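Asker: What follows is a single structure, and I will ask about it in a moment.
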Amino acid sequence: MIEEGEARRQILKNIQALPARRVPILQALDGFAAEDCLARLPLPNFDNSAMDGYAVAAGSCRAGERLRVIGEQPAGVDRRLRVSAGEAARIFTGAPMPGGADAVVMQEDVTRNGDEIVLNVDVDTGEFIRKRGCDLSEGQKILSKGERIRAATLALLASQGFSEVRMVARWTWRSSRRATSL
């Protein structure tokens, strides 16, 4: 009879890793990654507004200040607006930040009168801006070797342009409730 530790060493010495194979990501659910996967793109891909409101240059913004609204930046196509001190651009959630803007004032924190707004609050630099790469930076690990591939990870891989993933096995639950490799 051998000791438990010796038995474990002999078993591990004699087992081989399953061969890795490249599969379309739509077939990788519940598989185990054969390699690390790193982000190819930052998310978000550009600085954008986290709120509906007004993009401003914070240094010139205090409660009671009047700002001239110079345009509107919807989510989608960047209209290449530029704001200066004393100006604001109407902006919507997810929209690219106009040049010169370093904060967003929530629409609830202003009073609009025609082409002007009056600030009801002081504004700090960086307020309500989602910076490029704040959710996921380029090169950040999104899937580790050996990690089980779940639906959320597949969605993230797809958002990063992956069409395939290298995996080693897939596990399913059979009616006997025993895990089996496919």
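Asker: Find the Rg to Rh ratio for the chain, where Rh is the Kirkwood radius over alpha-carbon pairs and Rg uses the same atoms.
Answerer: 1.29
Asker: Using 0.36 nm per residue of separation minus the Cα-Cα distance, give me the extension gain between Ala152 and Cys134 in nm, one decimal. The partial results should precede the final answer.
Answerer: Numbers: separation 18, 0.36 × 18 = 6.48 nm, distance 1.83 nm.
So the extension gain works out to 4.6 nm.
Asker: Expressed as a whole percentage, what fraction of the accessible surface of the range 1-93 belongs to carbon and sulfur atoms when a 1.4 Å probe is rolled over the protein heavy atoms?
Answerer: The value for the range 1-93 is 53 percent carbon and sulfur by accessible area.
Asker: Where in the range 34-66 is the amide nitrogen less than 20 Å from a point lying 7 Å along the Cα-to-Cβ axis of Thr125?
Answerer: From the range 34-66, the list is 47-50, 54-63.
Asker: Going by accessible area, probe 1.4 Å, with all protein chains left in place, what is the ranking of Phe128, Phe162, largest first?
Answerer: Numbers: Phe128 70, Phe162 30 Å².
From most exposed to least exposed: Phe128, Phe162.
Asker: In whole percent, what relative contact order does the chain give with Cα contacts below 8 Å and a gap of six or more residues?
Answerer: 35 percent
Asker: Quick one: which residues, 5 or more positions from Val69 or on another chain, have an amide H under 5 Å from its amide H? H modelled 1.01 Å from N in the peptide plane, none for Pro or chain starts.
Answerer: Amide H neighbours of Val69: Ala88, Glu116, Ile117.
Asker: Sort 50-59, 10-19, 102-111, 32-41 for me by packing, meaning the mean count of neighbouring Cβ atoms within 10 Å per residue, highest on top.
Answerer: 50-59, 102-111, 32-41, 10-19
Asker: Just the projected area, averaged over all directions, of the convex hull on the alpha carbon atoms of the range 29-100: how many nm²?
Answerer: Its Cα hull, projected and averaged over all orientations, spans 7.4 nm².
Asker: A follow-up question, please. Given only helices, namely DSSP H runs of n ≥ 4 each adding -39500 (n - 2.57), what is the per-residue ellipticity at 222 nm of the chain, to the nearest 500 deg cm²/dmol?
Answerer: On the way: 2 runs with 20 residues, N = 182.
Per the formula, -3000 deg cm²/dmol.
Asker: Dipole of the chain (Lys/Arg Cβ +1, Asp/Glu Cβ -1, origin at the Cα centre): which of Ala158, Pro44, Leu18 lies farthest to the positive side?
Answerer: The residue sitting most towards the positive pole is Leu18.
Asker: Work out, step by step, the length gained on full extension between Ser144 and Arg79: first 0.36 nm times the residue separation, then minus their alpha carbon distance; give nm to one decimal.
Answerer: Going from the current span to full extension adds 19.5 nm.
Asker: Just the Cα atoms of the range 1-58: what Rg and Dmax do they give in Å?
Answerer: Every Cα atom of the range 1-58 included, Rg and Dmax give 24.5, 77 Å.
Asker: Moving to a separate point now. I'd like the orientation of helix 4-14 relative to the chain: the angle between its Cα long axis and the longest Cα principal axis, in ° from 0 to 90, rounded to 10.
Answerer: 80 degrees
Asker: Given 0.36 nm per residue, what is the gain on full extension from Leu18 to Arg66 after removing their alpha carbon distance, in nm? Write out the running numbers ahead of the final one.
Answerer: Details: separation 48, 0.36 × 48 = 17.28 nm, distance 6.71 nm.
Computed gain between Leu18 and Arg66 is 10.6 nm.
Asker: Quick check for me: using +1 on Lys/Arg Cβ and -1 on Asp/Glu Cβ, what's the dipole size of the chain about its Cα centre, in debye to the nearest 20? Please report the intermediate quantities before stating the final value.
Answerer: Numbers: 26 positive and 24 negative charges, 260 e Å.
Dipole size: approximately 1240 debye.
The values are calculated or read from the model by the stated rules, or taken from the named source; none is laboratory data. For clarity, every value in this text was computed on a predicted model and none was experimentally measured. Counting neighbours? That spans all protein chains shown, and the Cβs are built from the backbone with ideal geometry, glycine included. Note: accessible area is taken over every heavy atom of the protein model, side chains too, but ligands, DNA and RNA are not part of it. Shrake-Rupley method; radii C 1.70, N 1.55, O 1.52, S 1.80 Å.
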